[in-house]
Structure formats: structure tokens, C-alpha cells
Amino acid sequence: MSFRIRGLEAEPFAPLFEMADRDLEAIGAKRVYADEPDAFPCRVSLTRAAVGEELLLLNHAHQTIATSPYRAAGPIFVSRSGRPGTYQGELAPMLRDRLLSLRAYDENAFIVDAEVAEGAEVLRVIERFLAAPQVAHVDAHFARRGCFAARIERA
């Protein structure tokens, strides 16, 4: 089973980069600059930001069906220079060496399966989840902090 991982669209975030820091704070967002090479995963490009790169840390609703008890939002980083990344049949760079919580959802955003995996095991779990007809998509979260990482769909 082939799968696709796509980054978030950059356009909704672009105007936020033009806001003053105090205005970002008022909406619960914060401007940050990557100070470590491996610590700021951009949810648009699905890569890790380079040291010195400008990002916003903000809340993002990733599971939005109002009738689901699993609707959810949480913190994400987006880079000013991030261009939407798409990965077909392979893990995005920011997912390749992290412990991930993988959650399979049906079309009504109810969890039908979940697993924690790392490395090559992540691919096996994705394939297993997407082989089940009731699974509409899989959401990957960084297991240690719980932050939404990316949506995985059938290709």
C-alpha cells in the first residue's frame, strides 16, 4: 500500500510572520529562532529548521471534526522559509529518526488503532494501518512531547 505525507500549506501562516511579537503573544503564538540543528521540526516542509532560521510556535487544530471526541489541537513550529513538502512512500526527514505515536482514524475521526514505533517499524505500522479499509488517515505525533507531526494518507 502506497502512502503520502504532505506538509501543511504555508499560506495561512505567512501573515503571522509580519505581526509584532506582542501581537503574536496576544494570539498565543511566539517567534523563535532555531538554536539547535535538530530541534525545530517545520510542519510545512516536514524538515528540521537550520540553526538561525525564523519560526513561529503556535497552536494548530489538526483533528477538526466537531462531533469527534478526538478533535485536537496542539503546538507546532512553522518556518518562514518552509515550502510544502510531499513525501510519497517514504518518511519525511523530520520523522525518520524519532519515536512516533501513530494513530489511525476512520472517516468520522474516531481512533481505530494506535501504535508507538521508531525507524523502519514506522513504515510497517503505516502500511498495516492503511491496509485496513476503515482507516481514513493516520496522524503521526512526536511520542515524547505529543505534538502533531504530520498526516499520512493513502496515495
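The values are calculated or read from the model by the stated rules, or taken from the named source; none is laboratory data. This one's a predicted model, so the numbers in the text were calculated from it and none came from an experiment. Positions of Cβ are generated from backbone atoms using ideal geometry, with glycine treated the same way; all protein chains shown enter the neighbour counts.
Can you name the residue in segment 103-137 that is assigned to a strand (DSSP E or B) and touching a residue at least 40 places away in the same chain (Cβ under 8 Å) and is also nearest to Tyr70 (Cα to Cα) among such residues? Result: Ile111. So which residues in segment 75-94 are part of a loop (DSSP other than H, G, I, E, B), closer than 22 Å to Ala34 by Cα and touching a strand residue (DSSP E or B) at 6+ places or on another chain (Cβ under 9 Å)? Within segment 75-94, Arg80, Ser81, Gly82, Pro84, Gly85, Ala92 meet the criteria. Restricting to segment 18-57, and then to whatever is over 29 Å from Gly89 (Cβ atoms) and touching an Asp or Glu at 6+ places or on another chain (Cβ under 7 Å), can you tell me which residue is surrounded by the fewest Cβ atoms within 10 Å (Cβ to Cβ)? Here the answer is Tyr33. Output the number of residues of segment 31-64 satisfying the condition of being hydrophobic (A, V, I, L, M, F, W, C), at pLDDT 95 or above and assigned to a loop (DSSP other than H, G, I, E, B). Qualifying residue count for the region: 7.
Report yes if some residue within segment 5-24 is assigned to a strand (DSSP E or B) and over 30 Å from Val135 (Cα atoms); otherwise report no. No, every residue in segment 5-24 fails to be assigned to a strand (DSSP E or B) and over 30 Å from Val135 (Cα atoms).
Among the residues examined, Val135 does not qualify as farther than 14 Å from Arg6 by Cβ and in contact with a Pro (Cβ under 7 Å, 6 or more places away or on another chain). Report the residue count in segment 82-120 for those that are crowded, with 19+ Cβ neighbours inside 10 Å and on the phi > 0 side of the Ramachandran plot. Of the residues in that region, 1 qualify.
Here Ala140 fits the description: touching a Ser or Thr at 6+ places or on another chain (Cβ under 8 Å), under 19 Å from Pro75 (Cα atoms) and in a strand (DSSP E or B). What about Ala20, is it over 10 Å from Phe77 (Cβ atoms) and of a type in the set (Gly, Ala, Ser)? Considered against the rule, which asks whether it is over 10 Å from Phe77 (Cβ atoms) and of a type in the set (Gly, Ala, Ser), Ala20 comes out as yes. Scanning segment 69-81 for residues that are under 11 Å from the mean Cα position of the chain (by Cα) and buried (at least 18 other Cβ atoms within 10 Å of the Cβ) gives Ile76, Phe77, Val78.
Taking the criterion of being modelled with pLDDT under 95 and of a type in the set (Gly, Ala, Ser), the only residue of segment 139-154 that qualifies is Gly146.
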